Amino acid sequence: MRSLIAFCLTLLLVVSCSQTPTPPDPPTVVQPAKTTESTVKPTTATTQATPTQTPVNKQGNPNLKAGNPSKATIDVTNSDNYLLIKPQYVLSYSKSRNLANWAAWELNKSWMGDAKRQNDFRSDASLPKGWYQVTTKDYTGSGFDRGHLVNSEDRGQSVESNSSTFLMVNIVPQAPDNNQGVWVQLEEFSRDLARQGKELYIVAGGHGTGGEGKNGKASQVKGKIAVPETMWKVILVLDTPTKGLAGVNANTRTIAVIMPNKQGRDGKWQDFCATVEDVQKLTGYDFFSNVPPDIQKTIESKKGC
């Protein structure tokens with residue numbers, strides 16, 4: 001009996017010693033993701049603000065660079081000297097006369113081009129509410145041309161620019177012989193100067209009442225639109241446009257004309273040559289006021305035709 005018990009204990013001991021405990025599984029270690037340099041660059045703004053152009057005048061319009069002759073304003077109560085600003089030109093407009101007192105525009109090669117003449121005469125809906133909008137039909141049978149102040153060929157850089165010159169605010173009743181004769185001669189001469197690389201600052205308008213068209217003398221068209229007695233134009237010619245008005249000196253050329261608004265096509269535009277000073281006395285305007293006064297006085301007293 002004792003020998004049997006001893007045998008069993010020996011057997012249990014041998015079995016327990018032969019079993020090696022299984023070690024626990026090692027803890028799972030989560031490795032950090034392998035880092036690589038991103039191929040996507042940080043997002044940056046793709047559109048930069050357009051630099052603000054230094055305004056050349058209070059309105060920031062290059063067509064008024066040489067000055068505002070009548071100190072026209074955008075105040076609607078200033079109805080007979082109302083400043084009407086277009087990208088292509090600037091006007092002083094008169095509500096009582098239903099036409100512009102004057103138009104001012106810059107002319108250089110960049111403004112001209114191959115755009116066709118649009119001939120889309122039309123009213124200008126940008127006039128203040130309640131103001132009469134002249135239509136092309138107002139001129140029908142009047143005996144007067146729909147005369148441009150800013151000539152359409154001066155704005156040939158694009159269809160839009162050319163079309164802008166056919167707004168009726170840029171049109172005045174002109175005697176056909178004047179409009180198609182000496183007036184257009186000066187327009188062509190001005191573009192020739194621009195093609196030579198010069199830059200011109202032009203102001204044009206009509207003065208007085210009572211022009212003479214195909215049907216004789218008239219003070220108004222259709223009882224609405226005043227007919228100027230006289231057409232006038234002044235031009236400042238910059239030989240070195242890159243200098244701007246800083247390049248204007250006592251030798252800078254100015255051109256001025258005063259033309260009767262009547263029939264009769266004989267003669268050349270130079271026959272109506274005047275000084276800028278003469279036109280100032282006629283109109284009461286102050287042309288090229290952004291030029292230093294001493295230089296302004298000198299160049300405005302010379303005939304540059």
statement: For residue 121, the lone unmet condition from (1) under 30 Å from residue 215 (Cβ atoms); (2) surrounded by 21 or more Cβ atoms within 10 Å (Cβ to Cβ) is (2)
statement: Of (1) farther than 13 Å from residue 288 by Cα; (2) in a strand (DSSP E or B), residue 242 satisfies every one except (2)
message: Looking only at region 150-169, count every residue that is surrounded by fewer than 22 Cβ atoms within 10 Å (Cβ to Cβ) and part of a loop (DSSP other than H, G, I, E, B) and tell me the total.
response: 4
query: What are the residue pairs meeting all of these: first residue in region 156-167, first residue without any contact (Cβ under 8 Å) to a residue 12 or more places away in the chain and more than 11 Å from residue 115 (Cβ to Cβ), second residue surrounded by fewer than 21 Cβ atoms within 10 Å (Cβ to Cβ) and among the aliphatic types (A, V, I, L, M), Cβ atoms under 7 Å, and 6 or more apart or on different chains?
result: none
query: Within the set of pairs 6 or more residues apart or between chains, which connect a residue that is on the phi < 0 side of the Ramachandran plot and among the acidic types (Asp, Glu) inside region 261-286 to a residue that is at pLDDT 95 or above and surrounded by fewer than 19 Cβ atoms within 10 Å (Cβ to Cβ) with Cβ atoms less than 6 Å apart?
result: 277/301
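Tell me, yes or no, whether region 205-212 has at least one residue that is more than 23 Å from residue 285 (Cα to Cα) and at pLDDT 95 or above. First the steps, then the outcome.
Filtering region 205-212 for residues more than 23 Å from residue 285 (Cα to Cα) gives 212.
Narrowing further to those that are at pLDDT 95 or above: 212.
Yes, region 205-212 contains a residue that is more than 23 Å from residue 285 (Cα to Cα) and at pLDDT 95 or above.
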- prompt: Given the conditions (1) surrounded by 15 or more Cβ atoms within 10 Å (Cβ to Cβ); (2) in contact (Cβ under 8 Å) with a residue 24 or more places away in the chain; (3) under 29 Å from the mean Cα position of the chain (by Cα), which single one is not true for residue 249?
  reply: (1)
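Which one of 119, 151 is farther than 30 Å from residue 75 by Cα and at pLDDT 95 or above?
None of the others qualify; the one that does is 119.
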query: Name the residues in region 71-98 that are more than 18 Å from the chain's Cα centre (by Cα) and surrounded by fewer than 19 Cβ atoms within 10 Å (Cβ to Cβ), would you?
result: 71, 75, 76, 77, 78, 79, 80, 81, 94, 95, 96, 97
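One line per residue, one yes/no per condition, for (1) among the charged types (D, E, K, R); (2) more than 30 Å from residue 96 (Cα to Cα):
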{"residue": "243", "(1), (2)": "yes, yes"}
{"residue": "248", "(1), (2)": "no, yes"}
{"residue": "254", "(1), (2)": "no, yes"}
{"residue": "259", "(1), (2)": "no, no"}
{"residue": "265", "(1), (2)": "yes, yes"}
{"residue": "279", "(1), (2)": "no, no"}
{"residue": "288", "(1), (2)": "no, no"}
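So for region 140-149 (the condition being under 19 Å from the mean Cα position of the chain (by Cα), assigned to a loop (DSSP other than H, G, I, E, B), crowded, with 17+ Cβ neighbours inside 10 Å and touching a residue at least 12 places away in the same chain (Cβ under 8 Å)), does at least one residue qualify? Spell out the reasoning first.
So in region 140-149, the residues under 19 Å from the mean Cα position of the chain (by Cα) come out as 148-149.
Imposing the further condition that a residue be assigned to a loop (DSSP other than H, G, I, E, B) reduces the set to 149.
Keeping just the survivors that are crowded, with 17+ Cβ neighbours inside 10 Å gives 149.
From what is left, the residues that are touching a residue at least 12 places away in the same chain (Cβ under 8 Å) are 149.
Yes, that holds for at least one residue.
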task: Please work out which residue is surrounded by the most Cβ atoms within 10 Å (Cβ to Cβ), limiting yourself to region 257-291 and to residues that are of a type in the set (S, T, N, Q) and touching a strand residue (DSSP E or B) at 6+ places or on another chain (Cβ under 9 Å).
output: 261
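Based on this model, can you work out whether residue 50 counts as more than 23 Å from residue 199 (Cα to Cα), surrounded by fewer than 18 Cβ atoms within 10 Å (Cβ to Cβ), at pLDDT below 95 and of a type in the set (S, T, N, Q)?
On the way: more than 23 Å from residue 199 (Cα to Cα): yes; surrounded by fewer than 18 Cβ atoms within 10 Å (Cβ to Cβ): yes; at pLDDT below 95: yes; of a type in the set (S, T, N, Q): yes.
In short, yes.
The values are calculated or read from the model by the stated rules, or taken from the named source; none is laboratory data. As the structure is a computational prediction, the values presented were derived from the model and not from experiment. Note that each Cβ is placed from the backbone with ideal geometry, even for glycine, and that neighbours are counted across all protein chains shown.
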